[in-house]
Amino acid sequence: MRLKILDSGYTFGTKVLFALIQLASRRPVPDAAKLVFYRPDFYGDPMKKITQEAMRGPSQWSVGDRELMAAFVSKTNECEFCIGAHSATAIGAYHDEARVAAVMSNLETAPIEEQLRATLRMLQKLTREHSVEAADMRALLDAGVTRGQIEDALAVCFAFNTTNRLADAFGFFVPGPEGFESGAKHLLSRGYK
Amino acid sequence: MEKKPTAPQALATRVLEGDGRASRPERRAAFDNTTPTEPLRGLISKVANHPTRITEDDIAAVKASGLSEDQIFELVVCAAVGQAMRQYQNAIAALAVAIRGERA
């Protein structure tokens with residue numbers, strides 16, 4: 001982490017919690033977790049609430065779909081930490097590594113539902129160009145994506161357009177595949193609370 | 001308005017208007033990507049537009065200019081939330097226009 005406070009500036013209670021997490025997972029506490037535990041009233045608590053609602057709240061999208069959106073937005077932003085974390089979580093949620101790999105490699109040829117493909121396409125444009133047009137949304141509605149699904153996808157996109165930037169600005173440590181798998185298990189069993 | 005579109009707004013309101021170590025005008029400028037002076041301006045602009053290009057040196061330069069780590073933490077958070085918020089609001093507005101067109 002590029003700020004020392006994000007490595008060591010925690011209250012005694014949080015340090016104890018980190019020690020317990022480390023003991024249970026046998027891995028260092030991921031930098032994404034450290035970020036939301038630092039002065040949580042400023043950013044971590046409201047952000048955890050937003051992310052939990054977007055990723056695990058009621059939605060017509062499955063948990064796998066939303067984790068895939070998170071991974072795909074992260075890929076568009078080239079955020080290495082979040083690509084690894086949310087690809088692993090999407091694979092765990094779907095129990096289908098090939099599906100996630102296909103989308104991450106080529107959205108247009110991946111064997112997925114057309115509504116999901118159209119939604120990912122819109123999220124990619126929004127993330128890359130920072131804006132979309134009414135015609136982009138019209139195309140989604142015409143493809144059968146509901147207003148609620150679009151709003152839910154935009155909530156995921158907001159969460160990860162924020163998190164991707166912070167991961168790169170603060171210099172999150174990027175673990176190997178085992179670290180990402182361990183994190184994915186936690187996110188699938190406990191969510192973002 | 002439904003509940004979900006307001007959730008990002010609650011975060012924006014907290015980081016901009018709640019207590020903090022950086023001043024509210026500084027946080028607002030970072031959120032809007034209108035920070036006036038270097039080297040902070042360069043860091044905030046990268047957070048908004050090219051986060052993968054941020055280096056140790058960018059952070060070190062801002063520290064050397066006199067800002068504390070807590071102030072940098074807050075201003076970087078504001079810049080990230082601000083850029084994500086602009087994109088989100090743009091998309092919600094585009095969706096509203098598309099839905100109005102559908103009903104017309």
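The values are calculated or read from the model by the stated rules, or taken from the named source; none is laboratory data. None of the values given here were measured: they were computed from a predicted structure. Note: ideal-geometry Cβ built from the backbone for every residue, glycine included; neighbour counts use all protein chains shown. Heavy atoms of the whole protein, side chains included, go into the accessibility calculation; ligands, DNA and RNA do not. Shrake-Rupley method; radii C 1.70, N 1.55, O 1.52, S 1.80 Å.
Points to keep in mind about this one:
- log10 of Debye I(q)/I(0), alpha-carbon scatterers only, for the range B:37-92 at 0.31 Å⁻¹: -1.30
- With a 10 Å cut-off around each Cβ of A:148-154, the average count of Cβ atoms from other chains is 4.
- Alpha-carbon centroids, the range A:1-22 and the range A:119-142: separation in whole Å: 39 Å
- Calculated from backbone phi, Karplus (6.51, -1.76, 1.60) coupling profile of the range A:138-143 in Hz, x at Gly/Pro: 4, 5, 5, 4, 5, 7
- For the peptides A:129-136, A:101-108, A:146-153, the ranking by mean Cβ contacts within 10 Å, running from highest to lowest, is A:146-153, A:129-136, A:101-108.
- Placing R0 at 35 angstrom, the Cβ-Cβ distance between B:Ser65 and A:Arg26 gives a FRET efficiency of 0.30 after rounding to 0.05.
- Accessible surface buried by the B/A pair amounts to about 4100 Å², both sides summed, 1.4 Å probe.
- Where no second cysteine Cβ lies under 4.7 Å, the cysteines concerned in the protein assembly as shown: A:Cys157, B:Cys78
- Part-to-part distance (alpha-carbon centres) for the range B:51-104 and the range A:156-179, which is given in Å: 14 Å
- Chain B: relative contact order in percent, alpha carbon pairs under 8 Å with at least 6 residues between: 35 percent
- Surface share of carbon and sulfur [accessible, 1.4 angstrom probe, percent] for the range B:1-75: 51 percent
- Here the dipole of chain B is about 480 debye; that uses its Cα centre as origin and unit charges on the Cβ of Lys and Arg (positive) and Asp and Glu (negative).
- 3J(HN,Hα) from dihedral phi, the range B:45-55, Karplus parametrisation 6.51/-1.76/1.60, rounded to Hz, x for glycine, proline: 4, 5, 4, 6, 10, 9, x, 6, 8, 5, 10
- Mean per-residue shielding of peptide A:130-141 is 6, counting Cβ atoms of other chains within 10 Å of each Cβ.
- Cα-centred dipole magnitude for chain A, charges only on beta-carbon of K, R (+1) and D, E (-1), debye, nearest 20: 740 debye
- Quotient of Cα Rg and 2.2 N^0.38 Å for chain B, N being how many residues it contains: 1.25
- The mean accessible area for residues of the range A:78-160, using a 1.4 Å probe and ignoring ligands and nucleic acids, is 40 Å² per residue.
- The trypsin sites (Lys or Arg not before Pro) of the range A:10-63 that DSSP puts in a loop, and whose beta carbon has at most 15 other beta carbons within 10 Å, are A:Arg26.
- Extension reserve of the A:Ile5-A:Arg128 stretch, reckoned as 0.36 nm per residue once the Cα distance is removed: 41.2 nm
- Taking the C-alpha atoms only, the angle from helix B:3-17 to the longest principal axis of chain B is near 30 degrees.
- Shielding value for B:78-90 is 6, the average number of Cβ atoms from other chains within 10 Å of each residue's Cβ.
- Intensity falloff of chain A expressed as log10 I(q)/I(0), Debye formula with alpha-carbon point scatterers, at q = 0.09 Å⁻¹: -0.33
- Averaged over its residues, chain B has an accessible area of 47 Å² per residue, based on protein heavy atoms and a 1.4 Å probe.
- To the nearest ten degrees, helix A:44-56 and the longest principal axis of the Cα atoms of chain A are 40 degrees apart.
- Cα→Cβ-extended label distance, 7 Å offset, between B:Ala96 and B:Asp19, nm: 3.4 nm
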